[in-house]
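The values are calculated or read from the model by the stated rules, or taken from the named source; none is laboratory data. Note that the structure is predicted; figures quoted are calculated from it, not measured. As a convention, Cβ positions derive from the backbone with ideal geometry for all residues, glycine included, and neighbour counts pool all protein chains shown.
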Amino acid sequence: MLRTIAMLCAALCGLTLSHGIAAQPKAGALPADVDPASRSRLPALTRADLDAEGQAIYDRIIGDDPPPKTGPRAVTLYSPKVAEGFALINDYLRYNGALSPRHTEVAILVAAWEIEQVYEWTSHEPAALRYGAPQAVIDTIKYDRAPANLSAEETLIIKFGRQLMREHKLDSALYAEAVALFGRKGVVELATVMGDYVMAGMVLTAVDQHSPEGVTPLLQTR
């Protein structure tokens, strides 16, 4: 009798669980309008898809590298002049700008977190670590904590980005601190880095860009 009751309970529980599972998409499943190769709403372009002017821009941006399937370059190639502008400013800010690569990556993470851009965050958290950003800095941004026991520069970057993007202003004291730490050129480029990645992130969000297959997202949406 007890065995019969146990089997009946198991059957009922299994039925309940199966209904719950059926009501939710499979883990990792892409939305119906997302291309499985590009992982976005836009199929990946190749050089052959572009006109002569677009191909010339493609050659300057991509060169002999494999055609990009995901990310800002893959998406913005649908408008080659936009892609060229993105590439020009990104390459300058990340590799030749006034800020160190470490501080640039921290600024990118601040911007990506504020707009919940999972693709950008997942791409740039490892870069920030490679360039020497402490895990404590990354966790302060990721978990929206008040900066504590961080460097003066990284504390400033976090406060700078949060005030700009949450309050839509930068007060005089914080501006003066930013100039003291990074100089006037550095302040302009700090704001530009954040604005650049907000702009790129908006484009990625519009086309619902997912991380490449096999890459685990490193940021949870809120």
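Counting only residues that are closer than 14 Å to Glu153 by Cα and basic (Lys, Arg), the stretch 106-142 holds 0 of them.
In the stretch 47-102, the qualifying residues are those that are without any contact (Cβ under 8 Å) to a residue 24 or more places away in the chain, closer than 18 Å to Ala128 by Cα and not charged (D, E, K, R), and the one that is surrounded by the most Cβ atoms within 10 Å (Cβ to Cβ) is Tyr92.
Applying the criterion of being more than 23 Å from Ile89 (Cβ to Cβ) and among the β-branched types (Val, Ile, Thr) to the residues of the stretch 34-62, the residue that is modelled with the lowest pLDDT is Thr46. Inclusion of Arg162 among residues that are modelled with pLDDT of 95 or more and loosely packed, with under 15 Cβ neighbours inside 10 Å is not warranted.
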